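Read the structure below first, then the notes.
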Amino acid sequence: MKTEQINQAFEYAKSRYAGLGIDVEKAVAEMDKLSISLHCWQADDVTGFESGNDELTGGIQVTGNYPGKARTIDELRADIDKAMSLIPGEHRVNLHALYGDFGGEKVDRDQIEIKHFQSWIDWAKEKGYKLDFNATCFSHEKSSEGFTLSHPDPAIRQFWIEHVIRCRKIAEEMGRQLGSKCIHNIWIPDGSKDLVIDRSLYRQNLKDSLDKIFEYKTNDELMLDSIECKLFGIGSESFVVGSHEFYMGYGIANNKMITLDAGHFHPTEVISDKISSLLLFTPEILLHVSRGVRWDSDHVVILNDELQAIAQEITRANALERVHVGLDFFDASINRIGAYVIGVRATQKAFLQALLEPTVQLRSYEANGQNFERLALLEEAKSLPWAAVYDYYCASKGIIAAENYISDIQQYEKEVTSKR
Ligand SMILES: C[C@H](O)[C@H](O)[C@@H](O)C(=O)CO
Ligand SMILES: [Mn+2]
């Protein structure tokens with residue numbers, strides 16, 4: 001696509017939207033404030049850099065063996081940089097505790113410290129990224145029985161409590177050094193393949209562990225905690241301790257953020273419809289933008305109906321500042337950097353489309369009971385020239401617009417990832 005075409009299309013889009021009372025420049029400026037957190041684990045199939053630990057457990061699975069997976073911290077950082085170079089705006093990087101810079105040393109999870117993440121902070125500072133963080137309660141011998149913070153053995157629970165407290169301290173320091181609140185997410189794999197009699201026991205254990213974890217008070221200006229539920233995982237089909245009800249109850253009672261992962265609910269259940277309810281009761285929300293397909297909750301994000309609905313719910317509720325947006329998928333069957341770019345661009349497109357929606361008119365139709373008019377305008381809005389605005393946004397930020405980024409990724413694959 002040529003610059004001239006982008007500009008012409010944008011001018012047309014601007015006047016088309018102006019006719020509907022929509023200020024395109026304002027929508028673009030709002031979109032530009034949306035900072036998306038890129039999950040580091042897409043680049044290396046959730047392997048991380050712990051010494052001697054490369055088995056992925058916890059009921060999550062990466063399928064595919066496309067060549068070019070990042071094998072070292074330097075490769076992973078280079079891949080994230082490459083992806084960022086193809087995405088307009090300023091974004092964040094979401095790290096997991098198993099991605100520490102351990103220098104080949106065996107550092108157990110209950111021993112990690114800020115020094116193991118200092119090189120990430122320095123790198124982020126140099127590149128202008130902000131960081132988010134996650135405790136890693138899977139891919140470890142002490143999670144091999146399927147339980148961590150809810151384990152019946154108090155010694156195992158204590159090990160994971162210590163790990164999560166350390167992660168919260170690391171997140172706090174990341175926030176301090178980078179001058180931006182670090183979101184720390186807690187997801188645990190705890191659950192069972194088959195029937196469990198004493199569900200209350202495990203849930204009581206998880207509640208007690210979380211209470212102990214949150215006894216350590218962090219500075220809200222530097223970090224915020226979020227807790228993530230799941231319906232089931234591979235090997236935890238019959239029982240998941242941290243269900244939606246569990247974390248929703250805990251989050252509301254304890255003023256914690258709830259993470260809504262788009263792939264963690266029943267196949268026909270959508271997170272878009274949970275946003276306006278949760279925002280009434282929790283301070284903020286963390287979204288894990290993902291795409292469930294049958295049993296898998298982690299396909300590459302695309303611009304589908306649910307992603308559009310998520311963005312619409314947030315913009316219609318005027319809640320962009322209360323929702324943190326992170327990506328969460330892992331696909332090893334295609335170019336991994338391409339997967340990032342597809343996912344972030346799709347997310348940005350969904351938000352831009354939502355910001356360009358003729359919401360004032362739609363609300364007025366709704367208030368007047370003009371439901372045919374509401375449905376008709378919603379349908380027409382789908383084909384308004386929002387894509388021209390997105391291309392213009394890319395170009396205005398000096399980022400390759402439209403499908404032209406495909407050849408850039410092919411080139412990086414030829415020169416870099418295919419040689420790994
Ligand atoms: C690797 C992440 O912690 C993980 O994806 C988590 O957020 C999740 O969604 C597990 O299913
Ligand atoms: Mn998730």
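The values are calculated or read from the model by the stated rules, or taken from the named source; none is laboratory data. Just so you know, these numbers come straight off a predicted model, no measurement behind them. Cβ: placed from backbone, ideal geometry, glycine included. Neighbour counts: every protein chain shown.
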* Of all residues in the stretch 131-172, count the ones that are over 30 Å from Ser200 (Cβ atoms) and either surrounded by fewer than 21 Cβ atoms within 10 Å (Cβ to Cβ) or of a type in the set (A, V, I, L, M, F, W, C) (or both). => 5
* Selection within the stretch 194-242 - within 16 Å of ligand 1 (Cβ to nearest atom), in a loop (DSSP other than H, G, I, E, B) and either exposed (fewer than 14 other Cβ atoms within 10 Å of the Cβ) or on the phi < 0 side of the Ramachandran plot (or both) -> Cys229, Lys230, Leu231, Phe232, Ile234, Glu237, Val241, Gly242
* Kindly establish whether Ser150 is within 22 Å of Ser238 (Cα to Cα) and in contact with a Phe, Trp or Tyr (Cβ under 7 Å, 6 or more places away or on another chain). => yes
* Which ones in the stretch 44-92 are at pLDDT below 95, small (Gly, Ala, Ser) and farther than 18 Å from His288 by Cα? -> Ser51, Gly52
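Across the stretch 179-193, what is the number of residues that are more than 16 Å from ligand 2 (Cβ to nearest atom) and surrounded by 15 or more Cβ atoms within 10 Å (Cβ to Cβ)? Spell out the reasoning first.
Pass one, the stretch 179-193, residues more than 16 Å from ligand 2 (Cβ to nearest atom): 179-182, 192-193.
From what is left, the residues that are surrounded by 15 or more Cβ atoms within 10 Å (Cβ to Cβ) are 180-182, 192-193.
Counting residues in the stretch 179-193 that are more than 16 Å from ligand 2 (Cβ to nearest atom) and surrounded by 15 or more Cβ atoms within 10 Å (Cβ to Cβ) gives 5.
Take the residues in the stretch 130-171 that are among the charged types (D, E, K, R) and assigned to a loop (DSSP other than H, G, I, E, B), then tell me which one is farthest from ligand 1 (Cβ to nearest atom).
Filtering the stretch 130-171 for residues among the charged types (D, E, K, R) gives 130, 132, 141-142, 145, 153, 157, 162, 166, 168-169.
Restricting the remaining residues to those that are assigned to a loop (DSSP other than H, G, I, E, B) gives 145, 153.
Numbers: Glu145: 18, Asp153: 23 Å.
Filtering first and then ranking leaves Asp153.
Given the criterion closer than 27 Å to Thr359 by Cα and either touching a Leu at 6+ places or on another chain (Cβ under 6 Å) or surrounded by fewer than 20 Cβ atoms within 10 Å (Cβ to Cβ) (or both), identify the matching residue among Glu380, Glu415.
Values: Glu415 fails: closer than 27 Å to Thr359 by Cα.
On inspection, the qualifying residue turns out to be Glu380.
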* To do: Check the stretch 339-350 and report whether any residue there is surrounded by fewer than 24 Cβ atoms within 10 Å (Cβ to Cβ), closer than 21 Å to His39 by Cα, β-branched (Val, Ile, Thr) and over 15 Å from the mean Cα position of the chain (by Cα).
  => no
* Scan the stretch 221-247 and report the pairs whose first residue is acidic (Asp, Glu) and whose second residue is assigned to a loop (DSSP other than H, G, I, E, B) and more than 12 Å from ligand 1 (Cβ to nearest atom), with Cβ atoms within less than 7 Å and a gap of 6+ or a chain change. => Glu221/Lys181; Asp225/Lys256; Glu237/Lys193
* Asked: What is the number of the single condition among (1) surrounded by 22 or more Cβ atoms within 10 Å (Cβ to Cβ); (2) under 19 Å from the mean Cα position of the chain (by Cα); (3) closer than 30 Å to Leu352 by Cα that Tyr99 does not meet?
  -> (3)
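One line per residue, one yes/no per condition, for (1) under 17 Å from Pro358 (Cα atoms); (2) of a type in the set (S, T, N, Q); (3) touching a Leu at 6+ places or on another chain (Cβ under 9 Å):
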| site | (1), (2), (3) |
| --- | --- |
| Gln8 | no, yes, no |
| Lys14 | yes, no, no |
| Ala18 | yes, no, no |
| Ile22 | yes, no, yes |
| Lys33 | no, no, yes |
| His39 | no, no, yes |
| Asp45 | no, no, yes |
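Checking the conditions here, which among Ser51, Ser37 is under 24 Å from Ile310 (Cα atoms) and of a type in the set (S, T, N, Q)?
Values: Ser51 fails: under 24 Å from Ile310 (Cα atoms).
Of Ser51, Ser37, the one residue that is under 24 Å from Ile310 (Cα atoms) and of a type in the set (S, T, N, Q) is Ser37.
Within the stretch 259-357, considering only helices (runs of 4 or more DSSP H) that don't extend past its boundaries, which have at least 2 residues that are under 16 Å from Cys229 (Cα atoms) and more than 15 Å from ligand 1 (Cβ to nearest atom)? It would help to see each step written out before you state the result.
Working: elements: 272-281, 305-316, 336-355.
So the answer is 272-281.
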* Unmet requirement for Trp295, which otherwise passes all of (1) within 16 Å of ligand 2 (Cβ to nearest atom); (2) under 16 Å from the mean Cα position of the chain (by Cα) -> (2)
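Quick grid of which residues meet (1) within 16 Å of ligand 2 (Cβ to nearest atom); (2) at positive phi; (3) touching a residue at least 40 places away in the same chain (Cβ under 8 Å); (4) among the β-branched types (Val, Ile, Thr):
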| site | (1), (2), (3), (4) |
| --- | --- |
| His288 | yes, no, yes, no |
| Arg291 | yes, no, no, no |
| Ile302 | no, no, yes, yes |
| Gln312 | no, no, yes, no |
| Thr315 | no, no, yes, yes |
| Asn318 | no, yes, no, no |
| Glu321 | no, no, no, no |
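Which residues, counting only those in the stretch 282-292, are over 13 Å from the mean Cα position of the chain (by Cα) and not acidic (Asp, Glu)? Reasoning before the result, please.
Residues of the stretch 282-292 over 13 Å from the mean Cα position of the chain (by Cα): 282-284, 292.
Once the filter is applied, which keeps residues that are over 13 Å from the mean Cα position of the chain (by Cα) and not acidic (Asp, Glu), the stretch 282-292 yields Thr282, Pro283, Gly292.
Working carefully through the options Glu269, Glu245, find the one that is surrounded by fewer than 19 Cβ atoms within 10 Å (Cβ to Cβ), within 16 Å of ligand 2 (Cβ to nearest atom) and acidic (Asp, Glu). Show your work before the answer.
Details: Glu245 fails: within 16 Å of ligand 2 (Cβ to nearest atom).
Being surrounded by fewer than 19 Cβ atoms within 10 Å (Cβ to Cβ), within 16 Å of ligand 2 (Cβ to nearest atom) and acidic (Asp, Glu) holds for just one of Glu269, Glu245, which is Glu269.
Output the residue which, of all residues in the stretch 351-377 that are free of Cβ contacts under 8 Å to residues at least 40 places away in the same chain and aromatic (Phe, Trp, Tyr), is surrounded by the fewest Cβ atoms within 10 Å (Cβ to Cβ). Break it down into steps so the answer makes sense when it comes.
Pass one, the stretch 351-377, residues free of Cβ contacts under 8 Å to residues at least 40 places away in the same chain: 362-377.
Next, only the ones that are aromatic (Phe, Trp, Tyr) stay: 365, 372.
On the way: Tyr365: 18, Phe372: 8.
Filtering the stretch 351-377 for residues that are free of Cβ contacts under 8 Å to residues at least 40 places away in the same chain and aromatic (Phe, Trp, Tyr), the one surrounded by the fewest Cβ atoms within 10 Å (Cβ to Cβ) comes out as Phe372.
Any idea which of Leu279, Leu327, Leu307 is away from ligand 2 (no atom under 13 Å from the Cβ) and closer than 14 Å to Gln348 by Cα?
Values: Leu279 fails: closer than 14 Å to Gln348 by Cα; Leu327 fails: away from ligand 2 (no atom under 13 Å from the Cβ).
None of the others qualify; the one that does is Leu307.
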* **Restricting the stretch 286-330 to residues that are crowded, with 24+ Cβ neighbours inside 10 Å and among the charged types (D, E, K, R), the residue that is farthest from Ala78 (Cα to Cα)** => Asp298
